[in-house]
Amino acid sequence: MDLEQTLASLTGDAIAKAFDLESADPLLRAADPKFGDYQINAAMKLARSVGKPPREVGAEIAEAIRSLDAVAEAEVAGPGFVNVKLDNAWLANELSLDLKGDLRIPKAEPKEKIVIDYSSPNIAKQMHVGHLRSTVLGHALVQILRSVGHEVIGDNHLGDWGTQFGLLIVGLETWGTELNVELESASVKDLEQLYKRASARAKQDEEFAERARGELAKLQRGDEANLAIWRRFVEVTLKTNNAIYERLGVRFEETLGESFYNEMLPGVVEEVTSRGLAREDQGALCVFFKEIDPKEHGKPKMQIPKRLKNQPVILRKRDGAATYSTTDVATIQHRENHFKADRTIYVVDDRQGLHFAQIFALAELLGLSIKADHVGFGKILGDDGTPLKTRGGDNIALGALLDEAVARAKALIEEKSNEGVLRISADELDAAAEIIGTGAVKFGDLAQNRTTDYRFDWEKLIAFSGNSSPYLQYQYARCRSVFREAGIEWESAPTEMVFTEAAEGDLARELARFGDTVARAAKRYEPHLICERLYELARAFSRFWTQCRVLGAETEEAKMSRLALVALTGRQLERGLELIGIGVLEAM
Ligand code: ARG
């Protein structure tokens, strides 16, 4: 359900009626739990227009909304706040509708077509820890935005077309035999080594650098031999990356790399130039935002942000090569013109903020109407507060990180099974460790506010208590086990509820917030809100569990109602985890 929206419209209508207004915004806020569930703050504003003291207006509001089914109590407080307590019977009815109606996640209006650009690693390099956030956040956003009704296309914008290929081709020629690396059998790791060596050499050896540029130019002109080598690089990288995506449960609708846009680049350059948005400077073609007046481009209201004015965007380098920026202009055009997308989102780390601001401004000046958002994020830090690396100072390969997570999950499951806390048998161990381990890495990442850096901490990630996914998975399995014990099918859980105990009402109030949270996470691109919600839910469930007997309830009615609460808790845990890309186990 959409609790906030529902309450706002119910109370808004009641206030409008009481004061003879066309409509009224109740200015609803979450209340201090000591005083109620929600607070209505409209009295202070209304007081001025109706010419009465705010407290008096507050009292009238309280009176007006008291008769609503949703409201159990409404009291005026302080200068005119109205504290509202929700009615348990009303809540029980709404939650039972949620249970029958697939959780009733509120739909966004209007429905949009959205392209999400995420993961997007570069070819011939291993995916490392730096790709974790884009991949996991992007995937969560795909599912969250879909759940509120949007049509979403996930696009892996591979870095498969750049200077690295000239270096790699020459590197392979030069050291292939010595390093025992052959095109046919080279791994991504091999390619990464070759690239490092070639790029170091190019910095000191102009002739080597020249050769690399020559091979790159040949490739970009469509030379068959170089294209064949390039294809092989792409193929082996994709194969390696796909194994990781599979483990993460990530699937893309599109994988249009930079190379896909290659043929469109001359058109981009031509268009930007003919519209007077770019000019030559020292042999390069550049966009100088400080020289552009949006009015002259039919954009009288557009403001070019100051930070864009300090440096030009290069669309064609002196040597004639197009750039990352040129490709991104072609990409955004394609998303509007080909996919007919209303919106495109780039899940890319904060360091590329300026780049995207430039592209979005340029797209607007070119008359595109697609909305574009850069969903940036911070870094993952190690114990010492610097970006997480191996002891040797290298990037940590993503595959290795997942392996470690699974190994740690396995050890913990074994330990907890020995203690009798978990009951996972030896033949289920590997599958369980994979779900729990990879889930924990994802959750640890998504639970953070994405804009901040966070410290990677294995102990916190892989734990059956605290704000971690194993804890949530455990609570979910517990919900399922109640049903096994009761001998009732999970799918045909009872749906009617009546609340008599405080712990039931508290749990119900947590359950009522699910829909609002998903809607907010979608709107703000903030999956961590879902993580927080699930954690609060699991804690309320835990309190309920210790305070209320479910199967041993006093009456049959209480038992059925509590089973319905358990079922809804389980469904929300499962769906919430699924939205952020994390699986569950039916028994643990
Ligand atoms: N390949 C780029 C990198 O690794 C990220 C690409 C992001 N997407 C985009 N459309 N520019 O930094």
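Checking the conditions here, which among Gln143, Gln126 is away from the ligand (no atom under 14 Å from the Cβ) and either touching a residue at least 24 places away in the same chain (Cβ under 8 Å) or open to solvent by less than 10 Å² (accessible area, probe 1.4 Å) (or both)? Can you show your working first?
Working: Gln126 fails: away from the ligand (no atom under 14 Å from the Cβ).
After ruling out the rest, the residue left standing is Gln143.
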| said: Scan region 12-19 and tell me whether some residue there is buried (at least 19 other Cβ atoms within 10 Å of the Cβ) and in a loop (DSSP other than H, G, I, E, B). | reply: no
| task | Would you check if Gly154 is part of a loop (DSSP other than H, G, I, E, B) and either within 14 Å of the ligand (Cβ to nearest atom) or open to solvent by less than 10 Å² (accessible area, probe 1.4 Å) (or both)? | result | no
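Do the conditions hold for Glu428, that is, is it open to solvent by 30 Å² or more (accessible area, probe 1.4 Å) and in contact with an Asp or Glu (Cβ under 9 Å, 6 or more places away or on another chain)? Give the steps one after another, and end with the answer.
Numbers: open to solvent by 30 Å² or more (accessible area, probe 1.4 Å): yes; in contact with an Asp or Glu (Cβ under 9 Å, 6 or more places away or on another chain): no.
No: the conditions fail for Glu428.
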| remark: His355 meets each of (1) open to solvent by 10 Å² or more (accessible area, probe 1.4 Å); (2) more than 12 Å from the ligand (Cβ to nearest atom); (3) within 22 Å of His297 (Cα to Cα) with one exception, condition (2)
| said: I'm told Thr327 meets every condition in (1) of a type outside the set (D, E, K, R); (2) touching a residue at least 40 places away in the same chain (Cβ under 8 Å); (3) more than 29 Å from Pro300 (Cα to Cα) except one. Can you identify the failing condition by its number? | reply: (3)
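Take region 445-482 and flag every residue that is assigned to a loop (DSSP other than H, G, I, E, B) and farther than 22 Å from Glu526 by Cβ.
Result: Ile462, Ala463, Phe464, Ser465.
Would you mind stating whether Val441 is of a type in the set (A, V, I, L, M), within 19 Å of the chain's Cα centre (by Cα), at pLDDT 95 or above and crowded, with 18+ Cβ neighbours inside 10 Å? Can you show your working first?
Details: of a type in the set (A, V, I, L, M): yes; within 19 Å of the chain's Cα centre (by Cα): yes; at pLDDT 95 or above: yes; crowded, with 18+ Cβ neighbours inside 10 Å: yes.
Answer is yes for this residue.
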| Can you tell me how many residues in region 12-50 are closer than 26 Å to Asp506 by Cα and either charged (D, E, K, R) or free of Cβ contacts under 8 Å to residues at least 12 places away in the same chain (or both)? | 6
| Conditions: (1) closer than 29 Å to Gln448 by Cα; (2) within 12 Å of the ligand (Cβ to nearest atom); (3) open to solvent by less than 20 Å² (accessible area, probe 1.4 Å); (4) not in a strand (DSSP E or B). Tyr346 meets all but one. Number of the miss? | (4)
| Looking only at region 463-518, which residues are among the aromatic types (Phe, Trp, Tyr), closer than 19 Å to Leu103 by Cβ and under 28 Å from the mean Cα position of the chain (by Cα)? | Tyr476, Phe514
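Among Asp98, Asp117, which is the only one that is touching a residue at least 12 places away in the same chain (Cβ under 8 Å), more than 16 Å from the ligand (Cβ to nearest atom) and under 30 Å from Ile153 (Cβ atoms)?
Going through Asp98, Asp117 in turn, just one is touching a residue at least 12 places away in the same chain (Cβ under 8 Å), more than 16 Å from the ligand (Cβ to nearest atom) and under 30 Å from Ile153 (Cβ atoms): Asp98.
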| said: If I go through region 111-127 residue by residue, how many of them are under 20 Å from the mean Cα position of the chain (by Cα) and in a loop (DSSP other than H, G, I, E, B)? | reply: 7
| field | Only one of Ala538, Ala508 that is at pLDDT 95 or above, open to solvent by less than 10 Å² (accessible area, probe 1.4 Å) and more than 18 Å from Glu94 (Cβ to Cβ) | value | Ala538
| field | Count of region 319-343 residues which are near the ligand (Cβ under 10 Å from one of its atoms) and open to solvent by 20 Å² or more (accessible area, probe 1.4 Å) | value | 1
| Of the criteria (1) free of Cβ contacts under 8 Å to residues at least 24 places away in the same chain; (2) surrounded by fewer than 20 Cβ atoms within 10 Å (Cβ to Cβ), which one Thr517 fails | (2)
| request: Restrict the check to region 481-493 and report whether at least one residue is open to solvent by 50 Å² or more (accessible area, probe 1.4 Å), free of Cβ contacts under 8 Å to residues at least 40 places away in the same chain and at positive phi. | output: yes
| query | Restricting region 358-400 to residues that are within 12 Å of the ligand (Cβ to nearest atom), hydrophobic (A, V, I, L, M, F, W, C) and open to solvent by 20 Å² or more (accessible area, probe 1.4 Å), which is farthest from the chain's Cα centre (by Cα)? | reply | Phe360
| said: Restricting to region 69-83, and then to whatever is open to solvent by less than 40 Å² (accessible area, probe 1.4 Å) and part of a loop (DSSP other than H, G, I, E, B), can you tell me which residue is modelled with the highest pLDDT? | reply: Ala70
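The values are calculated or read from the model by the stated rules, or taken from the named source; none is laboratory data. Only a predicted model underlies this, so the values are computations on that prediction, with no experimental measurement involved. Cβ atoms come from the backbone with ideal geometry, glycine included; neighbour counts cover every protein chain shown. Accessible surface areas use protein heavy atoms only, side chains included; no ligands, DNA or RNA. Shrake-Rupley method; radii C 1.70, N 1.55, O 1.52, S 1.80 Å.
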